[in-house]
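Notes follow the structure.
The values are calculated or read from the model by the stated rules, or taken from the named source; none is laboratory data. Just so it is clear, the model here is predicted, and its values are computed rather than measured. All Cβ positions, even for glycine, are placed from backbone atoms using ideal geometry, and neighbour counts span all protein chains on display. Protein only, heavy atoms only, side chains kept; ligands, DNA and RNA dropped before computing areas. Shrake-Rupley method; radii C 1.70, N 1.55, O 1.52, S 1.80 Å.
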Amino acid sequence: MPTDLTLYNSLTRKKEVFHPLVPGHVGLYVCGPTVYNPVHLGNCRTFVSFDIIYRYLMAKGYKVRYVRNITDVGHLTDDGEDRMSKGARLEQLEPMEVAQKFSNQFHDMMRTFNALPPSIEPRATGHIIEQIDMVREIIENGYAYEVNGSVYFDVEAYNNANEERYGELSGRRIEELMAESRELKSQGEKRSPSDFAIWMKASDDHILRWDSPWGAGFPGWHLECSAMSTKYLGRDFDIHGGGNDLKFPHHENEIAQNVGACHHAGARYWLHTNMLLMNGKKMSKSDGNTITPEELFTGDSEHVSEGYAPMVVRFFMLQTHYRSTMDLSEEALQAAKKGYTRLLEAWDSLQDMEGAGGAQNGTVGKELAAGLAAAYAEMDDDFNTPKAMARIFELVTRINALKGGQLSLEEVSAEGLESFRDGLGTLLWNVLGLKAEAATGGAEQEALDRVMEIVLELRQQARADKDWALSDKLRDALTEAGITVKDGKEGATWSL
Ligand code: AMP
Ligand code: ZN
């Protein structure tokens, strides 16, 4: 019996049964990357988590519209510089070149992790008109004011008119915020320290600028997600996600802007992923406690002794629930590599098995079916991938026992085995998004490349010496090993 999908809603701080607004359909919005530097492993953790959520919703039969934006304007550094302009300055490129470069890099990385592309990937700079319209609506409703070409959201006016709802998501109280921001810096043009900019006047040297009713400027970072989620998913939609570092101020301000513009709050369920740590500490560039995805794949880092294949890293990620902190360590990666290899071996063994015939499952067949249903039920419980994995490994033990003869295939019907294989395959490859590729990492690939270089050099030497017997022998041996050698103008190349 399929169970109901329950999920932890950060807005109500409890687990709830998921009911989409329109039966059979789900609108999902996830905050995407700010494309001014390479995507880091922490970002990947969040996007892989939402990839699994997206995949699972589809596996449940929902038609999902998954919107994940690209932030290419308005996200400022602590010093107040636009991240895109900063990236452009450092790389001596046009801001749009920077955005393209790192969007491409991000997409490549998502493919490497086998994360599906979203249904719509809107860019903030492509939605300036929608953002200006939203600022106008918020001003008209009395929740924003203009000062000297910039527009600020009036948190107090909003709070007074909306039952003090500012802070409902993050749990921050306005008094605390006021005290904090008073200590931090002068409030400048703002009427109150808790107000935030929704439109910013562009200084003369600011490159990213657009004309607006308030003069040349650019949108505040939080505004893009309000404008784009409303445009593509409607004033009310189902799920909004992001890392939990975005809860405040980004998501809190999104809700305020949505309600401020049209009296609708946007998402009904908010899902937040937890942060990636390394060796128990926050991953941080300044402490040297960081590793890029590329370094992890090649092993070119002091933090790992070898490279890990992307699917091993994905498998490792599945072993932590999305709401818990994930701790990357050599030990955990080694365990993931072993576990993933064991899983692939069991999957291979399963392909060679045949049931006893007939439709009636015996005891073992029934246990396999029940174990698989239990794994799916764990996914229904707030996408609990580590528990689903534990159930899958109970099944791996049974598959190995069937292979070793400790359990009998006589107890599994042909139909039962077929449907078990289908169901497990769907869970592993479609829902969890794993791929049946070897668990070898970049280091092993590098070693293979080097060995092939040596072999092809030897073959080249044999040809130069007109030792055809040796050169043919090498070629035949490689063919037998599944390696094809092609001779071209530039020398020989090989492929698997
Ligand atoms: P950004 O490009 O900084 O806007 O971040 C893109 C996404 O990655 C957001 O949802 C962040 O919450 C998330 N994120 C950033 N750092 C981490 C981390 N260390 N662990 C997990 N998610 C993160
Ligand atoms: Zn956002």
Counting other Cβ atoms within 10 Å, keep those with at most 16, restrict to DSSP loop, and tell me which GluC sites (Glu not before Pro) in the range 270-375 are left.
-> E302, E306, E354
Using a Förster distance of 41 angstrom, determine the FRET efficiency expected from the C-beta separation of N162 and N289, and round it to 0.05.
-> 0.50
Got a sec? What order do E121, E176 fall in by accessible area at 1.4 Å, biggest, i.e. largest, first?
-> E176, E121
Once T3 and A401 are pulled to full extension, the length gained, defined as 0.36 nm per residue separation minus their Cα-Cα distance, is 140.4 nm
What is the helix-to-structure angle for 330-351, meaning the angle in degrees between its Cα long axis and the longest Cα principal axis of the chain, kept from 0 to 90 and rounded to the nearest 10?
-> 60 degrees
Among V312, N279, H107, whose Cα lies farthest out toward the positive end of the dipole of the chain, if unit charges sit on the beta carbon of Lys, Arg (+1) and Asp, Glu (-1)?
-> V312
With labels modelled as points extended 7 Å from the Cα through the Cβ direction, what inter-label distance (nm, one decimal) is found for D211 paired with A481?
-> 6.7 nm
What is the extension gain from E176 to F248, computed as 0.36 nm multiplied by their sequence separation minus the C-alpha to C-alpha distance, in nm to one decimal?
-> 24.6 nm
Centroid-to-centroid separation of the range 42-68 and the range 273-298 [C-alpha atoms, Å] | 23 Å
Cα-projected label distance for E302 with V17, points at 7 Å along beta-carbon direction, nm | 5.5 nm
Net lengthening on full extension, A59/T493 (0.36 nm per residue, minus Cα-Cα) | 152.1 nm
What nm distance separates the two modelled labels at K473 and K231, each placed 7 Å from Cα along Cα→Cβ?
-> 6.8 nm
With every protein chain left in place, what is the accessible area per residue of the chain in square angstrom, probe 1.4 Å?
-> 47 Å²
FRET efficiency, R463 to E437 (Cβ-Cβ, R0 45 Å, nearest 0.05) | 0.85
May I ask for the angle, rounded to the nearest 10°, between helix 95-112 and the longest principal axis of the chain, with both axes built from Cα atoms and the value confined to 0 to 90°?
-> 40 degrees
Could you state how much accessible area L407 has, in square angstrom rounded to the nearest 10, with a 1.4 Å probe and all protein chains kept in place?
-> 40 Å²
FRET efficiency estimate (nearest 0.05) - Cβ-Cβ, H107 to A359, R0 45 angstrom | 0.45
Ranked by accessible surface with a 1.4 Å probe, highest first, in what order do R123, R55 come?
-> R123, R55
If you roll a 1.4 Å probe over the chain with all protein chains in place, what percent of the accessible area is carbon or sulfur?
-> 49 percent
Show that you can apply the helix-only estimate: for the chain, add -39,500 (n - 2.57) for every DSSP H stretch of four or more residues, divide by all residues, and state [θ] at 222 nm to the nearest 500.
-> -14500 deg cm²/dmol
Cα axis of helix 174-184 to longest principal axis of the chain: angle in degrees, 0 to 90, nearest 10?
-> 90 degrees
